[in-house]
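Structure, as structure tokens:
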Amino acid sequence: MDSTHVSATPLSLALVGNPNCGKTALFNRLTGARQKVANYAGATVERKEGFFVLPSGRHVRVLDLPGAYSLSATSPDEAVTRDVCLGQHPDEQRPDLLLCVADATNLRLHLRFVLELRRLGRPMVLALNMADAAERRGIRIDAKALEQELGFPVIETIAVRKHGTAALLAALDGRLPGPAEPLPEGTDLHAETRRLLAAAVSMPSPTNPTDAAIDRWVLHPVLGLAILAAVMLVVFQSVYAWAGPFSDGIEAGVGALGEWISSTLPEGMLSSLLVDGVIAGVGGVLVFLPQILILFFFILLLEESGYLPRAAFLLDRFMVGAGLSGRAFIPMLSSFACAIPGIMATRSIPNPRDRFLTILVAPMMTCSARLPVYALLIGAFIPDRMVGGIFNLQGLTLFGLYMAGILGALVVAWVARLMGKRASDEQALMLEIPAWRLPNAKDVLLGLKERGMIFLRRAGTLILAISIVLWVLSTFPTPPEDWARPAIEYSFAGRIGHALAFFFEPIGFNWQICVALIPGLAAREVAVAGLASVYAIAGADEANTEQILATALHNEWTLATAFSLLAWYVFAPQCMATLAVVRRETSSWRATAIWAGLLTALAYGAAFLTYHLTAALT
Amino acid sequence: MNLYALLEPAIVTLLVVFGLWLSLRKVAPRLSMRLGEASRKAGLAPAIANRVFGPPPARNSACGTCCGCDKGGSQSKPMIHRH
Amino acid sequence: MNLSQLTPGAHATVTRISELSSEDVVAHRLRDLGFVAGEPVSLVALGPFGSDPLLVQVGYTRFALRRSEAARVEVQPGKA
């Protein structure tokens with residue numbers, strides 16, 4: 001094969017390896033930012049593809065397969081890896097070459113999987129990643145001897161360093177290896193791994209002493225939990241504190257754009273569709289971008305460093321007690337910013353039942369979109385006075401609403417566990433606690449960009465579509481000339497609101513609330529704008545509008561109605577974006593319907609109790 | 001009547017149709033797949049049907065249209081999928 | 001004796017993996033992770049709530065195993 005012939009077709013590579021082998025870092029180093037992230041059709045497994053050019057000019061297409069411990073798959077992720085390696089995946093051509101990645105400090109585990117892959121008889125190259133870390137720990141690997149034993153090229157790489165992949169690129173550029181020679185039938189892979197290790201590797205100690213020292217503190221039963229609490233506090237605080245200015249900036253930009261359009265276009269349908277529909281809907285969701293980016297920045301840092309699995313280790317038993325799994329911790333934490341990244345983060349939970357339960361309870365964590373509604377109602381109904389000298393009654397109410405969500409989630413998960421078939425379907429943990437690692441800035445930034453793009457793509461498609469549909473509902477049919485009341489009352493949304501009032505009357509909602517809940521489906525906080533338009537309130541500016549609205553609500557509603565609406569908001573799943581992400585992540589309308597039904601029933605029950613208790617007490 | 005007043009309903013209709021189409025594709029992908037299947041059978045050019053309703057589902061994609069999928073997850077043995 | 005009965009810091013050698021059913025996925029996965037006869041293991045730490053899960057070292061790797069998972073790993077105490 002000469003090089004001119006070779007460069008005609010792009011070489012297709014698949015990166016295969018155990019979780020935590022530094023595969024994604026290697027993928028980032030090889031491809032730079034030339035990556036495409038998508039989902040496998042109908043599944044929630046991420047498909048990462050990248051491109052690069054070899055020194056000879058040959059183009060390479062590389063697929064970053066999900067990490068797997070074995071070809072006997074136990075999760076949808078591992079099933080994709082298995083299918084692609086076997087050449088059985090429907091959407092994926094069989095790769096020309098399997099580029100196996102193994103952590104040089106963890107060869108006992110990783111070599112076994114390499115041997116399992118060798119059985120497939122495909123052309124293979126083994127990258128011994130993190131060669132620098134191995135050297136620092138005094139691990140000596142005779143790559144030549146290993147290559148001789150395995151029968152395919154073995155190349156040392158350092159994925160976190162700039163030129164750490166030069167040797168690998170050179171090897172890929174040369175003559176490619178032929179199909180790996182499969183092991184004799186019935187070979188014990190563990191025995192073969194031990195034999196290879198004895199022949200080619202000398203390892204002074206099985207563990208890294210620094211890691212063991214850090215873990216003594218971080219995994220300590222008391223100190224470890226204190227450190228975890230501190231980490232969570234810092235993350236939580238930063239999400240709210242740092243995102244503020246950026247969110248305000250986006251909000252101002254969105255507002256200015258709306259202003260500009262309404263002043264440029266003549267008043268009418270088109271201007272209303274663009275300003276009240278598209279800009280209000282998409283803009284209302286875009287405001288959460290800074291929070292989501294900051295949250296994912298921390299999650300990526302914690303993930304890259306190896307802290308997340310340790311947090312799962314610390315909390316597993318506690319979460320199991322509540323019917324969840326230790327892996328549910330990150331989704332729940334993320335949901336305080338927005339349920340969407342939280343539900344997306346449930347992908348790390350391999351068991352489908354655990355995963356659904358986490359998706360069910362994650363939206364009960366008070367997301368930041370509820371805050372404007374809480375702020376409006378608390379401002380209107382809770383007196384601003386001190387309790388016990390240090391606590392503000394309004395602040396205490398807000399804290400109570402947060403706690404109501406958390407307690408509700410724990411109770412629901414606990415009940416679901418009692419009802420679930422516990423004995424027959426055992427939940428497995430078997431979680432690897434990887435070595436501590438210094439997060440690499442480039443890898444964190446690439447991960448952040450990926451998350452941000454996913455969110456923006458949603459806002460540009462799904463949220464846009466829903467905003468337009470909701471605008472149609474609350475605009476048409478247009479009222480006749482002599483209609484004296486707010487226009488929204490005449491629209492589909494108004495009629496639906498009136499019809500819903502029958503259903504919501506037992507929990508103290510008047511028809512105005514029901515109407516406002518409909519535009520609130522686009523994003524929860526839009527309900528505030530909805531209330532303003534049903535009560536036909538328009539102030540000089542936004543702050544002014546809210547002030548007038550709060551006074552109007554105070555005069556119109558009873559305290560019981562206000563509390564009932566707050567209770568409804570703690571649990572109700574009325575956010576189309578969340579509904580859509582649940583649909584996508586579960587790939588099932590039935591599961592989505594059950595999810596929405598359960599949360600609505602819970603919200604209704606809580607609002608009913610709150611309404612009647614408050615009415616009885618006041 | 002000026003030009004803007006004439007164009008406005010057309011643009012609004014276009015945007016609303018676009019919004020409904022986008023909702024169909026994003027909110028109800030399976031319904032969209034089925035509609036695509038039906039329209040291809042009814043004689044719509046595959047190229048247009050693919051553009052409007054999305055390409056036909058891939059095999060083993062758990063799309064729910066043929067019930068022949070290896071559902072992954074709990075499966076531990078590789079299965080060869082036949083459509 | 002099984003892995004879940006070791007005390008923190010104790011070393012042992014795996015003798016076998018017991019399967020609770022004919023197609024025990026957990027047992028299969030434990031074997032893939034390196035819990036096979038003759039492999040040295042040690043119990044590194046215990047979780048803060050109810051001493052669960054267990055942090056177990058096998059080969060060069062550490063895994064968090066729940067008690068029910070660790071109970072499947074039969075061991076012979078003592079450093080190999």
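The values are calculated or read from the model by the stated rules, or taken from the named source; none is laboratory data. Predicted model only: the values in this text are computed from it and were never measured. Counting neighbours? That spans all protein chains shown, and the Cβs are built from the backbone with ideal geometry, glycine included. The area values use the complete protein model at the heavy-atom level, side chains included, leaving out ligands, DNA and RNA. Shrake-Rupley method; radii C 1.70, N 1.55, O 1.52, S 1.80 Å.
Considering only residues in the range C:34-52 that are hydrophobic (A, V, I, L, M, F, W, C) and open to solvent by less than 10 Å² (accessible area, probe 1.4 Å), the one that is farthest from the other protein chains (Cβ to nearest Cβ) turns out to be C:L43.
Residues that are more than 7 Å from every other protein chain (Cβ to nearest Cβ), surrounded by 24 or more Cβ atoms within 10 Å (Cβ to Cβ) and part of a loop (DSSP other than H, G, I, E, B) within the range A:90-111 comprise just one, A:A104. Taking the conditions (1) within 14 Å of chain C (Cβ to nearest Cβ); (2) open to solvent by 20 Å² or more (accessible area, probe 1.4 Å) in turn, A:L300 satisfies each one other than (1). The set of residues in the range C:53-72 being assigned to a loop (DSSP other than H, G, I, E, B), facing chain A (nearest Cβ under 7 Å) and charged (D, E, K, R) consists of C:R66 alone.
Of the residues screened, A:T358 is one that is of a type outside the set (F, W, Y), outside the structural domain of A:A591 (by TED's automatic domain parsing) and surrounded by 21 or more Cβ atoms within 10 Å (Cβ to Cβ).
Assess whether A:G57 counts as being assigned to a loop (DSSP other than H, G, I, E, B) and modelled with pLDDT of 85 or more. So A:G57 fits the description; yes.
Looking at A:L86, is it more than 13 Å from chain C (Cβ to nearest Cβ) and open to solvent by 10 Å² or more (accessible area, probe 1.4 Å)? Considered against the rule, which asks whether it is more than 13 Å from chain C (Cβ to nearest Cβ) and open to solvent by 10 Å² or more (accessible area, probe 1.4 Å), A:L86 comes out as yes. Would you check if there is a residue in the range A:202-225 being in contact with an Asp or Glu (Cβ under 8 Å, 6 or more places away or on another chain), closer than 30 Å to A:R137 by Cα and part of a helix (DSSP H, G or I)? No: zero hits. Run A:H163 past the list (1) in a loop (DSSP other than H, G, I, E, B); (2) touching a helix residue (DSSP H, G or I) at 6+ places or on another chain (Cβ under 9 Å); (3) closer than 30 Å to A:I433 by Cα; (4) open to solvent by 10 Å² or more (accessible area, probe 1.4 Å) and report the number of the one that doesn't hold. Against the list (1) in a loop (DSSP other than H, G, I, E, B); (2) touching a helix residue (DSSP H, G or I) at 6+ places or on another chain (Cβ under 9 Å); (3) closer than 30 Å to A:I433 by Cα; (4) open to solvent by 10 Å² or more (accessible area, probe 1.4 Å), A:H163 comes up short only on (2). Only one of the listed residues (A:I548, A:I594) is open to solvent by 20 Å² or more (accessible area, probe 1.4 Å), closer than 27 Å to A:A529 by Cβ and not charged (D, E, K, R). That residue is A:I548.
Exactly one residue out of A:T578, A:T600, A:T610 is at pLDDT 80 or above, buried (at least 22 other Cβ atoms within 10 Å of the Cβ) and in contact with a Pro (Cβ under 8 Å, 6 or more places away or on another chain): that is A:T578. Of all the criteria given as (1) free of Cβ contacts under 8 Å to residues at least 40 places away in the same chain; (2) over 30 Å from B:L22 (Cβ atoms); (3) in a helix (DSSP H, G or I), the one not satisfied by A:D482 is (3). For the residues A:G253, A:G249, A:G186, the requirement of being at pLDDT below 85 and more than 14 Å from every other protein chain (Cβ to nearest Cβ) singles out A:G186. Consider A:L169 carefully, then state whether it is free of Cβ contacts under 8 Å to residues at least 60 places away in the same chain, within 34 Å of the chain's Cα centre (by Cα) and outside any loop (DSSP other than H, G, I, E, B). Criteria not met by A:L169.
All conditions in (1) assigned to a strand (DSSP E or B); (2) away from every other protein chain (no Cβ under 12 Å); (3) open to solvent by 20 Å² or more (accessible area, probe 1.4 Å) hold for C:S4, with the sole exception of (1). Scanning the range C:23-80 for residues that are at pLDDT below 90 and among the β-branched types (V, I, T) returns C:V25, C:V26. Consider the range A:491-524 and keep the residues that are among the small types (G, A, S) and part of a helix (DSSP H, G or I). The one that is most open to solvent (accessible area, probe 1.4 Å) is A:A499. Of all residues in the range A:58-83, those that are open to solvent by 30 Å² or more (accessible area, probe 1.4 Å) and more than 14 Å from every other protein chain (Cβ to nearest Cβ) total 2.
Please verify whether the range A:221-234 includes one or more residues that are buried (at least 18 other Cβ atoms within 10 Å of the Cβ) and either away from every other protein chain (no Cβ under 12 Å) or under 18 Å from A:A131 (Cβ atoms) (or both). Checked the range A:221-234: no residue is buried (at least 18 other Cβ atoms within 10 Å of the Cβ) and either away from every other protein chain (no Cβ under 12 Å) or under 18 Å from A:A131 (Cβ atoms) (or both).
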